[in-house]
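Just below is one structure, and these are the notes that go with it.
The values are calculated or read from the model by the stated rules, or taken from the named source; none is laboratory data. In this text, all values refer to a predicted model and were calculated from it rather than measured experimentally. Backbone-built Cβ (ideal geometry, glycine too); neighbour counts: all protein chains shown. When the accessible area is computed, the model is the full protein with side chains, heavy atoms only, and any ligands, DNA or RNA have been set aside. Shrake-Rupley method; radii C 1.70, N 1.55, O 1.52, S 1.80 Å.
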Amino acid sequence: MNTAIINPSYVHLGKELHVSTVRASYQTTIVIAINGIAPFLWLPLANVYGRRPFYLIATLIGFVSALGCAYVHTFRQLLAARFFNGWMPIAFTLGAVTVADLFPFGQRGRAMGVYTVLMTNGSHLAPIVGGLIGQYLGWRWTFKFAAICDA
């Protein structure tokens, strides 16, 4: 959800930060790119030091960076905040192994199904929520809402 919630507000974001709508979409591209790199860092570290510290660190990064996105003054600041925001979705990295740790073999299939449905549909539902928030409260509130959900 954190990645896609801003998508419906590109026009408003672009107007306020004086960039084109296409350029406004680059901040989401940065998050997606870092989302692809982050698991290669998080997973080995979590295997060595345990999962809990990295869940907490990633949640803190997500909260602070999403809140930072809401208070930027320039597009470059937004890009920097979104760069750090891309490191936060640790549930993509550690979610499946956490489900395997928490549920016995007989219950694991159902739990993994719920996890998978929730993780994959967040990006489908986020633009709906983000569109409503962006239309009535402004694009900055989409990031504030993402920060609230991260907390």
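Restricting to the range 10-25, what's the tally of residues that are in contact (Cβ under 8 Å) with a residue 24 or more places away in the chain and either open to solvent by 40 Å² or more (accessible area, probe 1.4 Å) or closer than 14 Å to Thr93 by Cα (or both)?
4
For Leu137, are the conditions met, namely being open to solvent by 50 Å² or more (accessible area, probe 1.4 Å) and under 18 Å from Gly14 (Cβ atoms)?
Yes.
Would you be able to tell me the number of residues in the range 26-66 that are open to solvent by less than 60 Å² (accessible area, probe 1.4 Å) and within 20 Å of Leu13 (Cβ to Cβ)?
So the answer is 10.
When you scan the range 69-96, how many residues do you find that are free of Cβ contacts under 8 Å to residues at least 60 places away in the same chain, under 23 Å from Arg23 (Cβ atoms) and more than 13 Å from the chain's Cα centre (by Cα)?
8
Restricting the search to the range 91-109, which residues are loosely packed, with under 11 Cβ neighbours inside 10 Å and among the charged types (D, E, K, R)?
Result: Asp101, single match.
Given (1) free of Cβ contacts under 8 Å to residues at least 24 places away in the same chain; (2) open to solvent by less than 30 Å² (accessible area, probe 1.4 Å), where does Leu118 come up short, assuming only one miss?
(2)
In the range 67-90, how many residues are of a type in the set (D, E, K, R) and buried (at least 17 other Cβ atoms within 10 Å of the Cβ)?
1
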